[in-house]
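The values are calculated or read from the model by the stated rules, or taken from the named source; none is laboratory data. Computed from a predicted structure; not experimentally measured. Using ideal geometry, Cβ is built from the backbone for each residue, glycine included, and neighbour counts are taken over all protein chains shown. Remember, those area values only see protein heavy atoms, side chains included, never the ligands or the DNA or RNA. Shrake-Rupley method; radii C 1.70, N 1.55, O 1.52, S 1.80 Å.
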Amino acid sequence: MLPLKDTLKHQGMRSHLVEELRRKGIKDEKVLAAIGAVPRHLFLDSSFEYHAYQNKAFPIGEGQTISHPYTVAFQTELLQVQPQQKVLEIGTGSGYQSCVLLYLGARLYTIERQRKLFMQAKNLIPKLISWPPAHIFFGDGYKGLPKEAPFDRILVTAGAPYVPNDLLAQVAIGGRLVIPVGNNIQVMTLYERVSEREFHKTTHGNFQFVPMLQEKN
Ligand code: SAH
């Protein structure tokens, strides 16, 4: 069991990380405040505790990684979440990105396909942020959550070999889908839904994610 301790030292390391992200080009003050507030070290094994605030990806078990803080900040900035918006995250993983979205006031729905990571995140997330409550699902992110659609925002945090039609269909008109697309390297792609049939697509540089997988364990 993790002692959920957030010391002054952790807080100091977080403010350094925030300054580093600012230097790297993250501008949205709300996103920077969220990174400054969410205790990233609590999502990592305690042996990585003092590495938690370096701009690095780390193993979270089951062959998966928690994304780089820069990647989390970049995707969150691109998503432009407003308080109360209904947001779907694909790939709960450690739950770190989920907490950043909750901190921004999202009504969050998040899906993870690895049962162990799902169980851990379901236990940890409500201990760190209990309001608004997160809705955490075990399942296949390729399908999204049709029963809860439409979503104002959809964020995919694993590398998608293609853009799933089910996810495009679940974006509200006026909403946004942020998805890294590609096999070895992914292109950060933003789809803005203009109308029932039209999407405006833009690309935002290359990133590297663990792959979005098809079959469940
Ligand atoms: N947002 C996470 C990033 C974790 S890495 C964090 O902040 O820690 C990507 C995650 O996507 C992994 O946990 C992986 O198991 C999950 N994943 C991969 N394919 C998936 C799928 N088809 N549906 C749901 N989750 C998936």
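Each residue of region 143-156 was assigned a 3J(HN,Hα) from its phi angle through the Karplus curve 6.51 cos²θ - 1.76 cosθ + 1.60 (θ = phi - 60°); the sequence is 8, x, 10, x, 5, 9, 5, x, 10, 5, 9, 10, 10, 9 Hz, with glycine and proline shown as x.
Largest first and in whole Å, the equivalent-ellipsoid semi-axes of region 16-60 read 21, 11, 8, each the square root of five times a Cα gyration tensor eigenvalue.
With all protein chains kept in place, the per residue accessible area of region 8-207 amounts to 45 square angstrom at a probe of 1.4 angstrom. Rounded to the nearest whole Hz, the Karplus-based 3J(HN,Hα) values (6.51 cos²θ - 1.76 cosθ + 1.60, θ = phi - 60°) of region 29-43 follow the sequence 5, 5, 5, 4, 5, 5, 5, x, 9, 7, x, 4, 4, 6, 9, with x at glycine and proline. Could you pull out the pairs from 86/147; 30/86; 24/56; 5/86; 9/56; 5/127 whose alpha carbons sit more than 21 Å apart here? Listed pairs above 21 Å: 5/86. Put a dot 7 Å past the Cα of residue 206, heading toward its Cβ, do the same for residue 65, and the two dots end up 1.5 nm apart.
Remark on region 57-115: ratio of C-alpha radius of gyration to 2.2 N^0.38 Å is 1.11. Less than 5 angstrom separates the built amide H of residue 89 from those of 109, 110, 111, 155, all sequence-distant by 5 or more or on a different chain.
Remark: the residue 115-residue 163 segment gains 14.9 nm on full extension, using 0.36 nm per residue and subtracting the alpha carbon distance. Here region 8-207 has 53 percent of its accessible surface on carbon and sulfur atoms, given a 1.4 Å probe and all protein chains in place. Amide H contacts of residue 171: 151, each under 5 Å away and 5 or more positions distant or on a separate chain (H built 1.01 Å from N in the peptide plane; Pro and chain starts excluded). Here the Karplus relation 6.51 cos²θ - 1.76 cosθ + 1.60, evaluated at θ = phi - 60°, turns the backbone of region 195-210 into coupling constants of 7, 3, 9, 10, 10, 9, 9, 9, 10, 9, x, 9, 9, 10, 10, 6 Hz, with x for every Gly and Pro. With N as its number of residues, region 8-207 has a Cα radius of gyration that, divided by 2.2 N^0.38 Å, comes to 0.96.
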